[in-house]
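Here the structure is laid out as C-alpha cells; the discussion comes afterwards.
The values are calculated or read from the model by the stated rules, or taken from the named source; none is laboratory data. These figures come from a predicted structure and were not determined experimentally. Virtual Cβ from ideal backbone geometry, glycine too; neighbours counted across all protein chains shown.
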C-alpha cells in the first residue's frame, strides 16, 4: 500500500505507451520507437535498504520504480513501456494499491531499454 500525504511530490511527467512505428527512414522502412498514449504525473520511489538487498541477484536488480496516481483499469490498458525525458523503459510490473482513495498510489517498476527497434 502506497500512501502519500503530499501529491505535490509528483513533479515528473511520465509518458505511458508502447513500442510501434514512429516514421519511415530514407529507404521507406518503418522506424520503430516509443509511441506515447498517456502522460501522468509521477515521482521516483526509493526502495528500503532491506528491499535493495533482497533483490540482489534477481531479475529486479537494476530496475527503477515510479509512483503514479492510483488507477483501477491497469489491466484494460496496453501500456508496455514508459518514457521519462529522453529515456525509454520497459514496464516490468505494476503494483496497484488495493485501496481506492484520493491518497492511493500505484508503483510502476521498470527496466531501461538499451536499444529500440
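Overview of results
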read-out: Total residues in region 12-58, condition within 19 Å of residue 106 (Cβ to Cβ) and in a helix (DSSP H, G or I); value: 1
read-out: Qualifying residues in region 12-26 (those that are more than 23 Å from residue 93 (Cβ to Cβ) and touching a strand residue (DSSP E or B) at 6+ places or on another chain (Cβ under 8 Å)) - the one modelled with the highest pLDDT; value: 21
read-out: Failed item in (1) part of a loop (DSSP other than H, G, I, E, B); (2) in contact (Cβ under 8 Å) with a residue 12 or more places away in the chain; (3) farther than 17 Å from residue 40 by Cα, with residue 61 passing the rest; value: (2)
read-out: Count - residues of region 87-117 that are within 24 Å of residue 21 (Cα to Cα) and modelled with pLDDT under 90; value: 6
read-out: Residue list for region 78-109, restricted to those being in a loop (DSSP other than H, G, I, E, B) and more than 13 Å from residue 45 (Cβ to Cβ); value: 78, 79, 80, 85, 86, 96, 98, 99, 100, 101, 102, 103
read-out: Residue within region 70-77 that is over 18 Å from the mean Cα position of the chain (by Cα) and either surrounded by fewer than 16 Cβ atoms within 10 Å (Cβ to Cβ) or assigned to a strand (DSSP E or B) (or both) present; value: no
read-out: Sole residue being free of Cβ contacts under 8 Å to residues at least 12 places away in the same chain and within 19 Å of residue 18 (Cβ to Cβ), chosen from 76, 37; value: 76
read-out: Where residue 74 falls short, out of the listed (1) modelled with pLDDT under 85; (2) touching a strand residue (DSSP E or B) at 6+ places or on another chain (Cβ under 9 Å); (3) over 24 Å from residue 106 (Cβ atoms); value: (3)
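Residue-wise test of (1) modelled with pLDDT under 90; (2) more than 16 Å from residue 112 (Cβ to Cβ); (3) loosely packed, with under 12 Cβ neighbours inside 10 Å; (4) in contact with a strand residue (DSSP E or B) (Cβ under 8 Å, 6 or more places away or on another chain).
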residue: 8; (1), (2), (3), (4): yes, yes, yes, no
residue: 28; (1), (2), (3), (4): yes, yes, yes, no
residue: 41; (1), (2), (3), (4): no, yes, no, yes
residue: 50; (1), (2), (3), (4): no, yes, yes, no
residue: 58; (1), (2), (3), (4): yes, yes, yes, no
